[in-house]
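So the structure is just underneath, and the comments pick up after that.
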Amino acid sequence: MSIRLSPWFLVGLILFIFGSGQLLAEPPREVPIPIPKIDIGITEAKGPGEVALSLQILFLLTILTLVPSIVIMVTSFIRVLVVLSFAQQALATQQLPPVQVMTTLALFITLFIMSPTLIQMNEKALKPYMAAEMTVGEALNEAQKPLRDFMFRYTREKDIGLFLSLSKLERPKTKDDVPTYVLIPSFMISELTTAFQMGLLLFIPFVVIDMVVASVLMSMGMIMLPPVMISLPFKVLLFVMIDGWHLLTRSIVMSFG
């Protein structure tokens with residue numbers, strides 16, 4: 001039995017033998033690999049300026065960790081997310097759209113609603129602070145003024161009175177006399193109340209569809225068939241025909257007008 005070798009195979013074999021012999025003849029070269037040096041330590045401050053800078057950095061890192069909570073507490077995010085969640089529950093589409101999509105949509109709608117307030121905070125507090133025209137404390141005081149005005153605009157007096165009575169504070173004469181720690185929870189429960197009112201209005205047409213479908217199925221004797229399976233396509237069809245996402249987003253944004 002004869003074996004025929006291709007000439008290209010022979011050429012490749014010769015090159016491999018000579019190449020490997022040359023590599024073995026040469027000593028291995030050492031390639032320097034840079035290794036980073038990590039130095040973590042605490043040294044003595046040479047002046048009060050270094051201590052103040054360290055405290056500012058620590059304060060900034062603390063604020064960054066609390067940013068999600070701040071966004072939820074003092075912005076329109078509560079109302080937007082709760083109303084979108086009510087719409088999802090009314091449609092009974094289970095996990096469609098996904099929670100991540102609804103949360104992201106709520107964040108961008110919140111950013112759109114809060115943009116005038118954020119612009120004021122940037123003009124009155126951030127830019128002067130970056131230009132070294134005011135201290136950190138002055139910048140924080142100026143930054144909270146537009147945010148407090150926004151919260152006062154959508155907070156019920158009844159809710160503010162509740163937390164004032166719980167904290168046993170005197171009746172304030174002006175809005176400036178209301179502490180921020182009283183304003184924030186008052187704003188949150190006011191937003192939850194408004195969001196539930198909007199969610200109730202969202203549920204009404206979809207509940208009507210469920211009742212009609214359940215009545216038709218019962219009259220036809222189809223008791224074992226879940227009404228949700230039949231009503232779900234009709235609810236989705238109704239939501240698409242009326243351009244539901246457009247109307248829902250418009251209603252949410254207009255509620256802050």
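Odds and ends about this structure:
- Burial order of peptide ranges 85-93, 243-251, 186-194 (average beta-carbon count within 10 Å, highest first): 186-194, 85-93, 243-251
- Extension gain for the segment Arg156 to Gln100, taken as residue separation times 0.36 nm less the Cα-Cα distance, is 17.1 nm to one decimal.
- Whole-percent carbon and sulfur share, accessible surface of the stretch 117-195, 1.4 Å: 58
- For the stretch 90-100, backbone phi angles converted through the Karplus equation (6.51, -1.76, 1.60; θ = phi - 60°) give residue-by-residue couplings of 5, 6, 6, 8, 6, 9, 10, x, x, 4, 4 Hz, Gly and Pro being listed as x.
- Non-local Lys pairs in the stretch 130-257, i.e. 8 or more apart or on different chains, that have alpha carbons under 28 Å apart: 7
- Cα centroid separation - the stretch 219-251 against the stretch 56-131, whole Å: 30
- Here the peptides 210-216, 167-173 are ranked by packing, the mean other Cβ count within 10 Å, and the order with the highest first is 210-216, 167-173.
- Residue-span extension gain [Leu237 to Leu140] - 0.36 nm each, minus C-alpha spacing: 30.0 nm
- Label point distance in nm, Asp177-Leu58, each placed 7 Å from Cα along Cα→Cβ: 3.7
- Modelled label reach - Ser251, point 7 Å along Cα→Cβ, the stretch 81-106 residues with backbone N closer than 15 Å: 81-92
The values are calculated or read from the model by the stated rules, or taken from the named source; none is laboratory data. Not measured: the values here are computed from a predicted model. Heads up, the Cβs are rebuilt from the backbone with ideal geometry, glycines too, and the neighbour counts pull from every protein chain shown. Heavy atoms of the whole protein, side chains included, go into the accessibility calculation; ligands, DNA and RNA do not. Shrake-Rupley method; radii C 1.70, N 1.55, O 1.52, S 1.80 Å.
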